[in-house]
Amino acid sequence: MKYHWLVTASSLVWSLAGPAQADSNQGFGHMWDGGYGMFGGLMMVVFWGLIIGLIVLAVRSFLGRSDSPASQSAMDILKERYARGEIDDEEFERRKAKIEG
(Lines give C-alpha, C1' and ligand atoms only; values in the text may rest on other atoms or scores of the structure.)
Protein backbone atom coordinates (compact mmCIF):
# COMPACT_ATOMS: atom_id res chain seq x y z
CA MET A 1 0.00 0.00 0.00
CA LYS A 2 3.00 2.25 0.54
CA TYR A 3 3.73 2.53 -3.18
CA HIS A 4 0.15 2.92 -4.45
CA TRP A 5 1.07 6.44 -5.63
CA LEU A 6 3.73 4.94 -7.88
CA VAL A 7 1.23 2.65 -9.58
CA THR A 8 -1.26 5.48 -9.98
CA ALA A 9 1.32 7.87 -11.41
CA SER A 10 2.68 5.21 -13.77
CA SER A 11 -0.81 4.52 -15.08
CA LEU A 12 -1.36 8.22 -15.63
CA VAL A 13 1.94 8.56 -17.51
CA TRP A 14 1.14 5.67 -19.84
CA SER A 15 -2.38 6.95 -20.49
CA LEU A 16 -0.99 10.37 -21.40
CA ALA A 17 1.73 8.89 -23.60
CA GLY A 18 -0.86 7.38 -25.98
CA PRO A 19 -1.64 10.59 -27.89
CA ALA A 20 2.07 11.33 -28.21
CA GLN A 21 2.57 8.02 -29.98
CA ALA A 22 -0.43 8.37 -32.29
CA ASP A 23 0.12 8.70 -36.01
CA SER A 24 -0.51 12.17 -37.44
CA ASN A 25 -2.98 10.66 -39.93
CA GLN A 26 -5.38 9.72 -37.16
CA GLY A 27 -7.13 13.08 -37.02
CA PHE A 28 -5.19 15.07 -34.42
CA GLY A 29 -4.64 17.92 -36.94
CA HIS A 30 -1.60 19.18 -38.78
CA MET A 31 -0.87 22.45 -37.05
CA TRP A 32 2.74 23.62 -37.43
CA ASP A 33 3.53 20.59 -39.58
CA GLY A 34 4.12 18.60 -36.39
CA GLY A 35 0.82 16.81 -36.43
CA TYR A 36 -0.30 17.56 -32.87
CA GLY A 37 0.05 21.32 -32.45
CA MET A 38 -0.01 22.79 -29.00
CA PHE A 39 -1.70 19.70 -27.55
CA GLY A 40 1.28 17.54 -28.48
CA GLY A 41 3.73 20.02 -26.99
CA LEU A 42 1.73 20.24 -23.81
CA MET A 43 1.51 16.45 -23.57
CA MET A 44 5.28 16.21 -24.01
CA VAL A 45 5.86 18.65 -21.13
CA VAL A 46 3.37 16.82 -18.91
CA PHE A 47 4.86 13.43 -19.82
CA TRP A 48 8.45 14.43 -19.03
CA GLY A 49 7.36 16.30 -15.90
CA LEU A 50 5.69 13.15 -14.60
CA ILE A 51 8.71 11.01 -15.47
CA ILE A 52 11.08 13.38 -13.65
CA GLY A 53 8.67 13.61 -10.70
CA LEU A 54 8.46 9.84 -10.42
CA ILE A 55 12.24 9.53 -10.46
CA VAL A 56 12.58 12.14 -7.70
CA LEU A 57 9.92 10.44 -5.57
CA ALA A 58 11.51 7.02 -6.07
CA VAL A 59 14.98 8.26 -5.12
CA ARG A 60 13.63 10.02 -2.03
CA SER A 61 11.75 6.92 -0.88
CA PHE A 62 14.72 4.60 -1.42
CA LEU A 63 17.05 6.93 0.48
CA GLY A 64 14.63 6.93 3.40
CA ARG A 65 14.39 10.70 3.53
CA SER A 66 11.70 11.93 5.83
CA ASP A 67 10.01 15.32 5.83
CA SER A 68 10.62 15.78 9.54
CA PRO A 69 13.39 18.18 10.54
CA ALA A 70 16.69 16.50 11.28
CA SER A 71 17.97 19.20 13.63
CA GLN A 72 17.68 18.86 17.37
CA SER A 73 16.42 21.49 19.76
CA ALA A 74 18.79 23.29 22.10
CA MET A 75 17.32 21.43 25.08
CA ASP A 76 17.92 18.05 23.42
CA ILE A 77 21.55 18.93 22.76
CA LEU A 78 21.98 20.14 26.34
CA LYS A 79 20.48 16.92 27.73
CA GLU A 80 22.80 14.82 25.54
CA ARG A 81 25.88 16.75 26.68
CA TYR A 82 24.80 16.29 30.30
CA ALA A 83 24.19 12.56 29.78
CA ARG A 84 27.66 12.15 28.24
CA GLY A 85 29.22 13.93 31.20
CA GLU A 86 30.53 16.89 29.19
CA ILE A 87 28.90 19.35 31.60
CA ASP A 88 28.19 19.10 35.33
CA ASP A 89 24.94 19.66 37.27
CA GLU A 90 25.62 23.33 37.87
CA GLU A 91 26.38 24.07 34.21
CA PHE A 92 23.34 22.07 33.09
CA GLU A 93 20.97 24.01 35.37
CA ARG A 94 22.48 27.38 34.36
CA ARG A 95 22.12 26.67 30.64
CA LYS A 96 18.66 25.13 31.09
CA ALA A 97 17.48 28.31 32.82
CA LYS A 98 18.79 30.41 29.90
CA ILE A 99 17.03 28.19 27.33
CA GLU A 100 13.70 28.15 29.16
CA GLY A 101 13.78 31.75 30.31
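The values are calculated or read from the model by the stated rules, or taken from the named source; none is laboratory data. Since we're looking at a predicted model, the values are computed, not measured. Cβ placement follows ideal geometry from the backbone for every residue including glycine, while neighbour counts extend to all protein chains displayed. For the accessible areas, the whole protein counts, side chains as well, though only heavy atoms, and no ligand, DNA or RNA atoms are used. Shrake-Rupley method; radii C 1.70, N 1.55, O 1.52, S 1.80 Å.
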message: When you check residue 76 against the structure, is it modelled with pLDDT under 95 and not in a helix (DSSP H, G or I), yes or no?
response: no
- line: Contact list, first residue from region 74-101 and among the hydrophobic types (A, V, I, L, M, F, W, C), second anywhere and in a loop (DSSP other than H, G, I, E, B) and at pLDDT 90 or above, beta-carbon distance below 9 Å, six or more apart or interchain, is 78/87
field: Condition met for residue 84 (at pLDDT 60 or above, open to solvent by less than 100 Å² (accessible area, probe 1.4 Å) and of a type outside the set (Val, Ile, Thr))
entry: no
field: Inter-residue pairs, beta-carbon under 7 Å, first part of a helix (DSSP H, G or I) and in region 42-62, second surrounded by fewer than 11 Cβ atoms within 10 Å (Cβ to Cβ) and at pLDDT 95 or above, 6+ apart
entry: none
